[in-house]
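The values are calculated or read from the model by the stated rules, or taken from the named source; none is laboratory data. Here the structure is a predicted model, which is why all the values come from computation and not from measurement. Please note: Cβ atoms are built from the backbone with ideal geometry, for glycine as well, and neighbour counts cover all protein chains shown.
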Amino acid sequence: MERTLNKLNPKESGRVKKILGEGQLRKKLLDMGIIPGTTVEVVKVAPLGDPIDIKVRGYHLSLRKEEAALIYVYVEEDKLCLS
Amino acid sequence: MMKKKQITIALAGNPNSGKSTIFNNLTGARQHVGNYPGVTVEKKEGKTSFQDYEINVVDLPGTYSLSPYSEDEFVARDFIVQEHPDVIVSIIDSSNLERNLYLVTQLMELDTPLILAMNMSDMAEKKGQDVDYSELSKLLAMLIVPTIGNKNIGTKELLAAVIKTHENKIKASKIHVKYGPEVQEEMCKLEQILKKDKELVNRYPWRWLVIKMLENDSSVLDIIRNCSVGQEATAQNEKSRSHLQAHFGDDPEVIIADRRYGFISGACTQALKETTIEERHDLSDSIDRIVLNRLFGIPIFALVMYAIFKFTFTFSEPVVGYFETFFGWFGETVASIVPAGLFQSFLVDGIIGGVGGVLGFLPLVLFMFFAIAFFEDSGYMARAAFVMDRLMSKFGLHGKSFLPMMISTNGCAIPGIMATRTLESKKDRLITMMVVPFMICGAKLPIFALFIGAFFPASYSTNIMFLMYILSIVIAFCSAWLLKKFVFQGEVSHFVMELPPYRVPTIKGLLLKMGERGWLYVKKAGTIIVLISIIIWAGFTFPQNSGVTKEGMTDSEIATIQLEQSYAGKAGSLIEPLVKPIGMDGRSGIALLAGVAAKEVVVSTFGTIYSLGEVDVEETETLREKLQKDPSWSPLKAMSFLIFCLIYMPCFVAMAVFYEESGSKLKWTLFLMFWTTVMAWSASFIVYQGGMILGLGI
Ligand SMILES: Nc1nc2c(ncn2[C@@H]2O[C@H](COP(=O)(O)OP(=O)(O)O)[C@@H](O)[C@H]2O)c(=O)[nH]1
């Protein structure tokens, strides 16, 4: 199933489907290695609930939830549930 | 002997790849920090000799891509593409190969010879990564040197590779990322247009321009628009972009990024022998489980902040003492050599007094820089920004804003303002710069110590001081919120930030970082403060006392008359009507006015006013008694005065630095001056008049 990255719980992972938004932010995300097809895992949520810590291409990246909301991912588990 | 050949090499790489460490290894102590013309980013350069070469090494700010987002990254990009260094040394963190190679694929699009320093090879090995260097070297068409920065391993080999690359003219452009026939076709079209402008393609590598155009990089599009084929190129680019968009169903920048990462995975699969990189939970992850824990995250942050202050104060206290003694001794020595009179007063009170006041803080600032460098290099600062971002962003600040604010608290707003450079968005940076001066810096501290000691019972003094700290933070946050709400409405900021693995910093690295920032502080503060000290001194000294002095008057009486007659004294009586509503008289007005030079001057001005002559800011006992005995003061007035001091305009040096760092925006500097002063006045007015109504004014 398709969800936005901010909706994932810690330890959940998925593959990037598409990235919304435009301009600088979108390019920055691409440059940091978040492109369609990449696997991303939500590792942690900051103590105050935002931002989140994700693992992508073997390193840790932090994003605010509003930025994560621009990233659509396929979540593997959901596929299992549906089939 | 033959004259050495000169070459310039540039170090490029992601932040946290160990670039500074490699730079220090290459250049040793032979380095200096300057500014890039026009911008405020530091330019680090050093020299080293190797074989028969004299090598000039330029350390560029860390960057993830050749599309710049922050001022730092702009500088790195401009240097790489415009200044044509002889060789670019690309430094990567080999334990994080994929993302680090992304920048390398972009550097390969330039015509400059390139070599690869695979740093952190110890960490990569620990992860179980086994690289076939000769294979990777072939795939990327460049020499590769594995290095371990913190152990100084691979430095000589790196230099040898630089020379070899330079002499053989190995061009990086032999191999490029294959973007596929569709993209390549559009690139050709653009290339043909751009090549008509000889000047443009001499200045910038055409391939890089073309790709950045297709990627819709706004800064490159600006360059193109201003060249002779601008219109044609821009029109073609729009056509090409929409053609690619239609073909792939996605934006060209996505396709381009995808192809680069594809190229990297291809190279990695070929060059990594049996990747045993199972996702072993490394030490970093374990530390983060505690440090970023829901419950412990914030207490740990508070503890770290406390540790930094504790460290700074405990260790700098004796040294600050030596500095003061030194400046005292130096002043006396000069006074004993130079005959008494105007010139002596100029040297001793004007220059040495003023410069000493600021440089007296140097040890404190240095210890603070050291502690901060420790937490930066270890990787904690990124976590602190991560933990604090939610709270800070609510008020229009950014997770990274806490660092400048912390440097300013008990330290100094000048390095605080300079530390805002790491903030990417203009809005975050300006707001942070504007609230940094509200923090209680080391120079405001003596004012608070003096007045709280004089007018409030000793049993309350710690609490009142604590209250002042809280108040300063509240005011800073509220101002940030107001600025966000009314001035920078709708401007966005992002928090896309790497959380690098924890690492053990090296003492050498920390000391060099401390020295570098300390020197910048001395240079900034030093040059401006001399000028301002002279102006202030002149304000109190001229016009000279004209014959009113009678025989038998004490020195202090003469000083009082001089004060009243001076320009500063006249200014004081001029502003008296302005400060009356907040419970102050002309004398406090002068002190506040003088405090604009440097906040600690408020105390020494009261010293002059109360005819004590020279007042040591640290020992305010006697001045405190004088204040207590003065019937025109009351605790309410003292409170009003303190609140005014807490908020009103930053010192001149801080404002000068603000002016520079805000991109020479007079508008913002003036805004800062008025905004702070108006707010200070209003707050004091409410406190004083409110207190009077409540009958607290006795
Ligand atoms: N384990 C390991 N640590 C390193 C190596 N090179 C640098 N470091 C450490 O990594 C941290 C960051 O290095 P620094 O040079 O400040 O990174 P920069 O941000 O790229 O300038 C410091 O604590 C260094 O001591 C290396 O090859 N191996």
Conditions: (1) within 27 Å of A:Asp31 (Cβ to Cβ); (2) more than 16 Å from the ligand (Cβ to nearest atom); (3) touching a helix residue (DSSP H, G or I) at 6+ places or on another chain (Cβ under 8 Å). B:Gln184 meets all but one. Number of the miss? (3)
Could you list all residues from segment B:271-285 that are at pLDDT 75 or above and either surrounded by 13 or more Cβ atoms within 10 Å (Cβ to Cβ) or not in a helix (DSSP H, G or I) (or both)? B:Ala271, B:Leu272, B:Lys273, B:Asp282, B:Ser284, B:Asp285
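Determine which member of the set A:Glu12, A:Glu41, A:Glu67 is at the interface with chain B (Cβ under 8 Å from one of its Cβ atoms) and under 11 Å from the mean Cα position of the chain (by Cα). It would help to see each step written out before you state the result.
Working: A:Glu12 fails: at the interface with chain B (Cβ under 8 Å from one of its Cβ atoms); A:Glu41 fails: at the interface with chain B (Cβ under 8 Å from one of its Cβ atoms).
Of the residues listed, the single one that is at the interface with chain B (Cβ under 8 Å from one of its Cβ atoms) and under 11 Å from the mean Cα position of the chain (by Cα) is A:Glu67.
Given the condition surrounded by 14 or more Cβ atoms within 10 Å (Cβ to Cβ), within 14 Å of chain A (Cβ to nearest Cβ), in a helix (DSSP H, G or I) and within 16 Å of the ligand (Cβ to nearest atom), answer yes or no: does some residue in segment B:371-378 qualify?
So in segment B:371-378, the residues surrounded by 14 or more Cβ atoms within 10 Å (Cβ to Cβ) come out as B:371-378.
Next, only the ones that are within 14 Å of chain A (Cβ to nearest Cβ) stay: none.
No, every residue in segment B:371-378 fails to be surrounded by 14 or more Cβ atoms within 10 Å (Cβ to Cβ), within 14 Å of chain A (Cβ to nearest Cβ), in a helix (DSSP H, G or I) and within 16 Å of the ligand (Cβ to nearest atom).
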Does B:Asp288 fit the bill of being surrounded by 14 or more Cβ atoms within 10 Å (Cβ to Cβ) and not in a helix (DSSP H, G or I)? no
The residue that is farthest from B:Ser684 (Cα to Cα), considering only those in segment B:457-474 that are of a type outside the set (A, V, I, L, M) and surrounded by fewer than 17 Cβ atoms within 10 Å (Cβ to Cβ), is B:Ser459
Read through the list (1) within 14 Å of the chain's Cα centre (by Cα); (2) charged (D, E, K, R); (3) within 16 Å of the ligand (Cβ to nearest atom), then give the number of the only condition that B:Arg383 fails. (1)
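Yes or no: B:Val104 free of Cβ contacts under 8 Å to residues at least 40 places away in the same chain and either within 14 Å of chain A (Cβ to nearest Cβ) or over 24 Å from the mean Cα position of the chain (by Cα) (or both)?
Numbers: free of Cβ contacts under 8 Å to residues at least 40 places away in the same chain: yes; either within 14 Å of chain A (Cβ to nearest Cβ) or over 24 Å from the mean Cα position of the chain (by Cα) (or both): yes.
It is true that B:Val104 is free of Cβ contacts under 8 Å to residues at least 40 places away in the same chain and either within 14 Å of chain A (Cβ to nearest Cβ) or over 24 Å from the mean Cα position of the chain (by Cα) (or both).
Yes/no matrix, rows are residues, columns are (1) closer than 25 Å to B:Val75 by Cβ; (2) in a helix (DSSP H, G or I); (3) modelled with pLDDT under 90:
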site	(1), (2), (3)
B:Asn216	yes, no, yes
B:Ser219	yes, yes, yes
B:Ser228	no, no, yes
B:Gln231	no, yes, yes
B:Asn237	no, yes, no
B:Leu244	no, yes, no
B:Asp258	no, yes, no
B:Ile264	no, yes, no
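Collect the residues in segment B:4-23 that are more than 10 Å from the ligand (Cβ to nearest atom) and not small (Gly, Ala, Ser), keeping them in residue-number order.
So the first thing to find is which residues in segment B:4-23 are more than 10 Å from the ligand (Cβ to nearest atom), and the list is B:4-10, B:12.
Within segment B:4-23, B:Lys4, B:Lys5, B:Gln6, B:Ile7, B:Thr8, B:Ile9 qualify.
Within segment A:20-38, which residues are touching a residue at least 24 places away in the same chain (Cβ under 8 Å), more than 22 Å from B:Lys394 (Cβ to Cβ), more than 8 Å from chain B (Cβ to nearest Cβ) and out of contact with any Phe, Trp or Tyr (no Cβ under 8 Å at 6 or more places or on another chain)?
Residues of segment A:20-38 that are touching a residue at least 24 places away in the same chain (Cβ under 8 Å), as a first pass: A:20-21, A:25-26, A:29, A:32-34.
Right, trim to more than 22 Å from B:Lys394 (Cβ to Cβ) and you get A:20, A:26, A:29, A:32-34.
Keeping just the survivors that are more than 8 Å from chain B (Cβ to nearest Cβ) gives A:20, A:34.
Within segment A:20-38, A:Ile34 is the sole residue that qualifies.
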Helices (runs of 4 or more DSSP H) (entirely within segment B:74-170) containing at least 3 residues that are closer than 29 Å to B:Asn202 by Cβ: B:97-107, B:155-168
Among the residues of segment B:39-63 satisfying the criterion of being farther than 14 Å from B:Ser20 by Cα and touching a residue at least 60 places away in the same chain (Cβ under 8 Å), which is nearest to the other protein chains (Cβ to nearest Cβ)? B:Val41
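Would it be correct to say that B:Phe495 is more than 16 Å from the ligand (Cβ to nearest atom) and outside any helix (DSSP H, G or I)?
Numbers: more than 16 Å from the ligand (Cβ to nearest atom): yes; outside any helix (DSSP H, G or I): yes.
Yes.
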Just checking, does segment A:72-83 include any residue being within 13 Å of another protein chain (Cβ to nearest Cβ), outside any helix (DSSP H, G or I) and buried (at least 22 other Cβ atoms within 10 Å of the Cβ)? no
Between a first residue in segment B:215-231 that is within 14 Å of chain A (Cβ to nearest Cβ) and a second residue that is among the basic types (Lys, Arg), which pairs have beta carbons less than 9 Å apart while being 6 or more apart in sequence or on different chains? B:Glu215/A:Lys27; B:Asn216/A:Lys27; B:Asn216/B:Arg241; B:Asp217/A:Lys27; B:Ser219/B:Arg77; B:Ser219/B:Lys212; B:Val220/B:Lys212; B:Leu221/B:Lys212
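Conditions tested, residue by residue: (1) polar (S, T, N, Q); (2) out of contact with any strand residue (DSSP E or B) (no Cβ under 6 Å at 6 or more places or on another chain).
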site	(1), (2)
A:Asn6	yes, yes
A:Lys11	no, yes
A:Gly14	no, no
A:Glu22	no, yes
A:Val42	no, no
Identify, please: which residue in segment B:66-99 is more than 15 Å from the ligand (Cβ to nearest atom) and within 20 Å of A:Ile34 (Cβ to Cβ) and is, among those, surrounded by the most Cβ atoms within 10 Å (Cβ to Cβ)? B:Leu66
Return only the number of the condition from (1) within 14 Å of chain A (Cβ to nearest Cβ); (2) more than 23 Å from B:Met405 (Cβ to Cβ); (3) at pLDDT below 85 that B:Val492 does not satisfy. (2)
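Just to be sure, is B:Phe486 aromatic (Phe, Trp, Tyr), more than 30 Å from B:Gly62 (Cβ to Cβ) and without any contact (Cβ under 8 Å) to a residue 24 or more places away in the chain? Quick ask: steps written out before the conclusion?
Working: aromatic (Phe, Trp, Tyr): yes; more than 30 Å from B:Gly62 (Cβ to Cβ): yes; without any contact (Cβ under 8 Å) to a residue 24 or more places away in the chain: yes.
The answer is yes for B:Phe486.
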Single unsatisfied condition, B:Ala480 versus (1) within 16 Å of the ligand (Cβ to nearest atom); (2) in contact with a Gly (Cβ under 7 Å, 6 or more places away or on another chain); (3) more than 14 Å from chain A (Cβ to nearest Cβ): (1)
